[in-house]
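The values are calculated or read from the model by the stated rules, or taken from the named source; none is laboratory data. Everything quoted here is computed from the prediction, not taken from an experiment. Here Cβ is always computed from backbone atoms with ideal geometry, including for glycine, and neighbour counts include all displayed protein chains. Just the protein is used for accessible areas: all its heavy atoms, side chains included, with ligands, DNA and RNA removed. Shrake-Rupley method; radii C 1.70, N 1.55, O 1.52, S 1.80 Å.
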Amino acid sequence: MRRWFFQRSLVSIKPFTREHVEIVFDEAKRMEKLKSANLLQNKLAACLFYEPSTRTSSSFQAGMLRLGGKVISIKDVKYSSVSKGESLADTVRCLSSYVDVIIMRHYQKGAANEAAKAISIPLVNAGDGTGEHPTQALLDAFTIFKEFGSIDNKVVTIVGDLVNGRTVHSLAYLLSLFRNVTVNLVSPVSLKMSPLEVNELRARPLVVNEHLQLDARLMSETDVLYVTRIQKERFASAAEYKAVRATSGYQITPEVLSSLNAKPTLRIMHPLPRVSEISTAVDSDPRAAYFRQMQNGLWVRMALLNLILNESS
Amino acid sequence: MRRWFFQRSLVSIKPFTREHVEIVFDEAKRMEKLKSANLLQNKLAACLFYEPSTRTSSSFQAGMLRLGGKVISIKDVKYSSVSKGESLADTVRCLSSYVDVIIMRHYQKGAANEAAKAISIPLVNAGDGTGEHPTQALLDAFTIFKEFGSIDNKVVTIVGDLVNGRTVHSLAYLLSLFRNVTVNLVSPVSLKMSPLEVNELRARPLVVNEHLQLDARLMSETDVLYVTRIQKERFASAAEYKAVRATSGYQITPEVLSSLNAKPTLRIMHPLPRVSEISTAVDSDPRAAYFRQMQNGLWVRMALLNLILNESS
Amino acid sequence: MRRWFFQRSLVSIKPFTREHVEIVFDEAKRMEKLKSANLLQNKLAACLFYEPSTRTSSSFQAGMLRLGGKVISIKDVKYSSVSKGESLADTVRCLSSYVDVIIMRHYQKGAANEAAKAISIPLVNAGDGTGEHPTQALLDAFTIFKEFGSIDNKVVTIVGDLVNGRTVHSLAYLLSLFRNVTVNLVSPVSLKMSPLEVNELRARPLVVNEHLQLDARLMSETDVLYVTRIQKERFASAAEYKAVRATSGYQITPEVLSSLNAKPTLRIMHPLPRVSEISTAVDSDPRAAYFRQMQNGLWVRMALLNLILNESS
């Protein structure tokens, strides 16, 4: 099964089975133990970022370097000469003659797939617009797995902006590979997940509920509270934005957690960066898992790079 | 002869003899076999790019890293604080106390020479404005050599924008080191190579012909068709630009190749990026050598870096 | 004493004793001998620069790479998405889960301290606005030490812009750890060091004199002439700027050195980049120490990185 990953592009989490996900989890746990290892010596990665994402780019670079590999970082390509009139296919074909893997962030949905098809080396999708961000979904799932020892039977409540919920949709898809998982989608009307995407999830072995607010009933049965950023620019008016933010449940504070009867075993996650969706007063609560989640991002990306580039171990 | 390269700056191809070029070819073939090697361990390069050139920068970085060396990448210096009032000499002198070689792209002709004279470590010119781009000329020549086994007796037809033909002029100069080479320069009147440059080439052991159009007679005797980018902004009017593009021979398509009687052994080259000078339908034609040419860029740059930084092997 | 540095953030030179400074000097001399060494294998640094500083960033990167370590470079964060609404604490906490040390340049005084407190890995302050730039002060002191064999009993005359004299103030503080040092502060009225800072220095075991001009009496007793950049934008009017520049002593030329009776053993220093404060005609004078000073920056930064990240040697 490990061989499934070798030299394979990671564009979407759609081809993953539960077994594939568990291989990634095993490899990520191994990476956490190793922390550094010379497994990818002489392997060279290009980080090709058409839009800035320092966080994702840094963790991929750190992962490659910690495995003894090397990195060329190509940033802000959108505004640089590389893309001046040149097709995406030509750009990645060019790079693919210099390196062993391309890690690409692009602003357009579908770009990762288009690029992967143009080259004969593997490509890792580090986010393609409103498309997918498969390594984020995998690190999210890995975090739930690590925090609870299992993903089966969990109630995962996702709060915030679900319109452009690239991360959210991929995560829910991954969760459907496990047994008896419930996903609660909580967002104001204007930030709801599209009916198309909700239906896609409901077609999977997954219980999907939609809510407009995070109330005590919902909170008290939640195992994982996954908070996403609510961006001001998504709202029609500043007033609407203010109204939503003021709603209890859209800013997680120690008071909200206690007044809504959050479980003592709750885990709070966030893809970061956060602005004020989660008060810093929550950081010291052992239920706050978002910094551990970020750390897991390194292990999961190291795992994936090693699975893709290293045939034997 | 190998020692000639050691610690020598590569500013221009003018000091090269045929023997020097053949040493580069030999070393490049060796690099192609090695692909990666720890020949430059503990060697540190600075990529100092005063104007963006992701492609050239990436292949130099990849070359250095594949040889076990290390790289500091300094980009878009033009707009950064480094150059704020500081002389080029001071900037490179500074860098030269940190690294073992400086790879520099600059927007001004002559900058590479000025910089090389200011420092006691070698400098590699990665393009200085309308000046030279010697590694491009060498990789172009290497490509012809590899595709045919020899450069002697070849007819090389160069099509497109020859006004600012930095690459073209250096390539033609290099070709003149070989025996019985014919260079056909094909461009619309407004994009012709300057008489000064043409005369310089004619003073060399080289047959140089000028043409306004790529016709069947020319194509049918051509061994290497070297296509360059025609940039819209070079034309006085959009109409003129359109007129030239519409001319058969300024966009290479499968139809053009066949209607103009291109040889079955023809090789089509392009320094890339291409916009539409060569139709993507040509990519799958075995005569399309531009992606192999790009790949050769890695081997040639590895060869040069190793020759310059590695005394023994 | 060496252990004092291990895993310690370097935010300010204030906690340094003379013994600490001498450990840095010893380690820097060792680094100069080693030039390259695999002492920090598997160590990963993040260079997090909120404002551009190619010179400082390059020497830190070169230092880390020469020690066998690895580097992720994150530049111009000020304008990138990382900082969009995210707190500095969250940003560095994130990075600290990927790397072993953060080297940070920030535009705000106090930022280095704030960041260091948020993380459990060491942070090296590469300049925080009008705050401190401790590695610059240490490399300056190291240069004086190397040029004379000792810092004790030296007369150090600092000329130029002392208003935002981040470097100058830290250097003077460091000098006060040595015996019988005199610091002459020379600047036009509008660029004087703040009375608060002058008094802080006078409270130390250090003779501090203020002057408006560099005259022959001052020059002839000076061991180290430390010149700083006078930036046009600091002046109320272009006329005032011109007047100051025209004053003998604000542009160091061979003529000024000779007419003001500079010692044959004088050493001229400058943090670079220089614009025209020191004429290039001075560069070949053996008393010009600024290029050696810049080179020392590499050895001192290597020394500090090794002391901080390497427990044993």
Highest first, please rank the peptides C:250-259, A:258-267, A:90-99 by the mean number of other Cβ atoms sitting within 10 Å of their residues. A:90-99, C:250-259, A:258-267
With N residues in the range A:267-313, Rg(alpha-carbon) / (2.2 N^0.38 Å) equals 1.54
For chain C, which whole-number percentage of the solvent-accessible area (1.4 Å probe, protein heavy atoms only) is attributable to carbon and sulfur atoms? 50 percent
Rolling a 1.4 angstrom probe over the protein chains, ignoring ligands and nucleic acids, what is the accessible area of C:Trp4 in square angstrom, nearest 10? 60 Å²
What are the residues whose amide H is under 5 Å from the amide H of B:Ile103, where those residues sit 5 or more places off or on another chain and H is modelled from the backbone? B:Ala46, B:Cys47, B:Leu48, B:Val124
With every protein chain left in place, what is the accessible area per residue of the protein assembly as shown in square angstrom, probe 1.4 Å? 36 Å²
Nonlocal amide H pairs with A:Asn209, under 5 Å, H built at 1.01 Å: A:Val183, A:Asn184, A:Leu185
Could you go through the range C:5-19 in sequence order and give the Karplus-derived ³J(HN,Hα) for each residue, using 6.51 cos²θ - 1.76 cosθ + 1.60 with θ = phi - 60°, rounded to whole Hz, and x for Gly and Pro? 7, 4, 6, 8, 6, 10, 9, 9, 8, 4, x, 6, 9, 4, 5
Tilt, helix B:134-148 to longest principal axis of chain B (alpha-carbon atoms), in degrees rounded to tens, equals 50 degrees
In whole Hz, what ³J(HN,Hα) sequence does the range A:294-304 give by Karplus (6.51, -1.76, 1.60; θ = phi - 60°), x for Gly and Pro? 5, 4, 4, x, 5, 5, 5, 5, 4, 4, 5
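Would you mind giving the mean number of other chain beta-carbons within 10 Å of the Cβ of each residue in A:35-44, as a whole number?
Per-residue shielding by partner chains comes out at 3.
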Could you grab the relative contact order for the range C:53-208? Cα pairs under 8 Å, six or more apart, rounded to a whole percent. 15 percent
For B:Arg267, what residues show an amide H to amide H distance below 5 Å, using hydrogens built from the backbone and excluding near sequence neighbours? B:Val224, B:Leu225
With -39,500 (n - 2.57) per DSSP H segment of 4 or more residues and division by the full residue count of chain C, the 222 nm estimate, nearest 500 deg cm²/dmol, is -11500 deg cm²/dmol
Shielded residues, the range A:88-134 - accessible-area loss of 20 Å² or more between chain alone and all protein chains, probe 1.4 Å: A:Asp90, A:Arg93, A:Cys94, A:Ser97, A:Tyr98
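Could you state how much accessible area is buried at the B-C interface, both sides summed, with a 1.4 Å probe, in Å² to the nearest 100? Each step should come with its number before you reach the end.
Working: alone 13290 and 13270 Å², together 24670 Å².
The B and C chains share an interface burying roughly 1900 Å².
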Overall Cα dimensions of the range A:165-205 - principal axes, largest extent first, Å: 31, 16, 16
Within 10 Å, count the other beta carbons around each residue, average over each peptide in A:123-135, A:40-52, and list them highest first. A:123-135, A:40-52
What do the square roots of 5 times the Cα gyration tensor eigenvalues come to for the range A:56-166, in whole Å, largest first, as semi-axes of the equivalent ellipsoid? 30, 18, 12
Specify whether the C-alpha gyration tensor of the protein assembly as shown places it in the rounded, prolate or oblate class, a ≥ b ≥ c being the square roots of the eigenvalues: rounded for a/c under 1.5, otherwise prolate if a/b is larger than b/c and oblate if not. oblate
Helix C:54-66 vs. chain C, principal-axis angle (Cα, 0 to 90°, nearest 10): 50 degrees
In percent, what relative contact order does chain A have, based on Cα pairs under 8 Å that are 6 or more apart in sequence? 21 percent
Hey, what do the phi angles of the range B:169-177 turn into as Karplus ³J(HN,Hα) couplings, whole Hz, using 6.51/-1.76/1.60 and θ = phi - 60°, x for Gly and Pro? 5, 5, 4, 4, 4, 4, 4, 5, 6
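Convert 25 °C to kelvin, take the viscosity as 0.890 mPa s, use the Kirkwood radius over C-alpha pairs of the range B:1-106 as Rh, and evaluate the Stokes-Einstein diffusion coefficient in µm²/s, rounded to a whole number.
Answer, rounded: 161 µm²/s.
Does the range A:164-313 come out rounded, prolate or oblate, given a ≥ b ≥ c as the square roots of the eigenvalues of its C-alpha gyration tensor, rounded meaning a/c under 1.5 and, failing that, prolate meaning a/b above b/c?
Taking the square roots of the gyration eigenvalues as a ≥ b ≥ c, the range A:164-313 is prolate.
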Too-long pairs where the Cα-Cα distance tops 24 Å, listed order kept, from A:Lys14/A:Lys146; B:Lys232/C:Lys75; B:Lys33/B:Lys146; C:Lys109/C:Lys192; A:Lys35/B:Lys35: B:Lys232/C:Lys75; A:Lys35/B:Lys35
Whole-angstrom Cα spans of chain C along principal axes, big to small: 57, 42, 38
